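Inspection log for the structure reproduced underneath, given as structure tokens.
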Amino acid sequence: GNGFDIYDLYDLGEFDQKDGKATKWGTKEQLMDLMGAAKEKGVGVYWDAVLNHKAGADDKERCQVVEVDENGIEARISFPAVESSYRTKTISDPYEIEAWVKFDFLGRGDKHSKQKYRWYHFTGTDFDAATNRKAIFQVVGDNKGWSNSVDKEQGNADYMMFADLDYSHQEVIDDVKNWGTWIVKETGIKGFRLDAVQHFSERFTNEWVEHVREQCGKDIFCVGEFWVGDVKTMTEWLEKMGHKFSLFDAPLLYNFSNISKSENADLRKVFDNSLVQVEPVNAVTVVMNHDTQPGQTVATPVEGFFKPLAYSLILLRNNGYPCLFYGDLYGMRGNKDNDVPSEPPACGGKLADLTLVRKLYAYGDQEDYFNDANCIGFVRRGTWDKPNGCAVVMSNAKPGEIRMAVGREHKGECWTDVLGWEEKEVKIDDEGYGVFPCPGVSVSVYVKKDAEGRDRFPVDFDANIYKE
């Protein structure tokens, strides 16, 4: 599996179970070598945690269930939405099934955790082994039912897949809290990406992050995967979480995609209704990820010409926490079976350069020049210890230019495009202004010609990890 079909949270490739010791990604020893190498390089590692469910049970157990509606036609065509339909609509009387819900972790035993899992630790499952039948089965028992503190998608979003964990059960709560502190102390990770946060208890999620930070430090970072285009839904979730979390800015990605596919789209609207616009501290900004890349579940293509503009907008501005996509940095090999073509590294191979610009020059106050629909720019003024700053100008149509102020302290300086896409040099006048041009359908990033670190451009970055 790829990690989403999670069996044992505590097995990092340490125990001989499920036909082997190593995970798909390697052994625990290799993981710890990676963590050591990352620490030496000053790189913090975040753990992609799947806490919604368990899969690959060791054995079956008989339990009482009711079936719930999988189709939800009434809910989807009704307006306003009928919340009582879909996953909240029971379509059978209680009856008994054989469910794969017995987890003994025989290879691990009691190391790291003594907790074993039985039918009463789950709220639902999707397969009856006695009849070899798939459906959505809600477990019946005392205090059983879907969580009420989840998203209203499909009426109730608690059930997603496999054996759904019951976060009203104290043993489940205690075990997963224990795992959170254990994984931080065991590996030295600096934070978490929580998968599919809308599908499990908000109450538990709040308790869990508070517990981990109490035990491991308040700087433990947490971002939730909550893929929805409605910024209001996202801000309401953040409010419920007490802003302890960040979320991936899906609305901004949708803006990138739509603008990139529209001729002469208005660049001034790129941040409209985005999370970074209203919750800048809690927004993780992306241009693509593993779910939105071509061929995946929520494919949201951003045209290649627009990616340098999009990455400049998330990497070089003062709001949001930018996240680079591995496939954009190194290229993607494609998938012939799904008719997904291979792609070279994004941004004409300049993504590493944009990242270095962020590290060296994208500091200080920001001034926007969003006056023209097809040519926008902004300036970062620098700080006392990072004084150089930078000026960014981009166009999604014809070549353009913008007169922007970088500060009187820079008068007389010559600024040039670190990306090398615009050859003209810009002279800063006595008032601290310069006229910064950019090519058509492109972006230029200007820095003082002799600024500290300019000799590191263009970046000598080896993207050929596939050795092809």
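The residues of region 320-352 that are of a type in the set (Asp, Glu) and either outside any helix (DSSP H, G or I) or outside the structural domain of PHE248 (by TED's automatic domain parsing) (or both), listed by number, are ASP339, GLU343. If you filter region 72-99 down to residues that are modelled with pLDDT of 70 or more, assigned to a loop (DSSP other than H, G, I, E, B) and of a type outside the set (A, V, I, L, M, F, W, C), you find that the one that is surrounded by the fewest Cβ atoms within 10 Å (Cβ to Cβ) is ASP93. Restricting attention to region 281-305, the residues that are among the charged types (D, E, K, R) and modelled with pLDDT under 95 total 1.
The conditions of being of a type outside the set (Asp, Glu) and within 20 Å of ALA265 (Cβ to Cβ) are not met by ASN335. When we screen ASP175, ASP151, ASP142 for residues that are modelled with pLDDT under 95, surrounded by 16 or more Cβ atoms within 10 Å (Cβ to Cβ) and either among the charged types (D, E, K, R) or in a loop (DSSP other than H, G, I, E, B) (or both), the only hit is ASP151. Scanning region 236-255 for residues that are in contact with a strand residue (DSSP E or B) (Cβ under 9 Å, 6 or more places away or on another chain) and of a type outside the set (Lys, Arg) returns TRP237, LEU238, MET241, PHE245, SER246, LEU247, PHE248, ASP249, ALA250, LEU252, LEU253.
Pairs meeting the criteria (first residue in region 106-130 and acidic (Asp, Glu), second residue surrounded by fewer than 20 Cβ atoms within 10 Å (Cβ to Cβ) and not in a strand (DSSP E or B), beta carbons under 8 Å, at least 6 apart or on different chains) are ASP126/MET161.
At least 1 residues being surrounded by 22 or more Cβ atoms within 10 Å (Cβ to Cβ), over 29 Å from the mean Cα position of the chain (by Cα) and free of Cβ contacts under 8 Å to residues at least 60 places away in the same chain is the threshold, and among the strands (runs of 3 or more DSSP E) wholly inside region 360-468 those reaching it are 400-405, 414-417, 433-438, 442-448. Taken together, the residues in region 317-353 that are under 12 Å from PHE461 (Cβ atoms), small (Gly, Ala, Ser) and within 18 Å of the chain's Cα centre (by Cα) amount to 0. Note on region 1-57: residues that are aliphatic (A, V, I, L, M), over 20 Å from the mean Cα position of the chain (by Cα) and in a loop (DSSP other than H, G, I, E, B) amount to 5.
The values are calculated or read from the model by the stated rules, or taken from the named source; none is laboratory data. Worth saying up front: this structure is predicted, and the values here are computed from it rather than measured. Cβ sites come from the backbone with ideal geometry, for glycine too, and all protein chains shown count toward neighbours.
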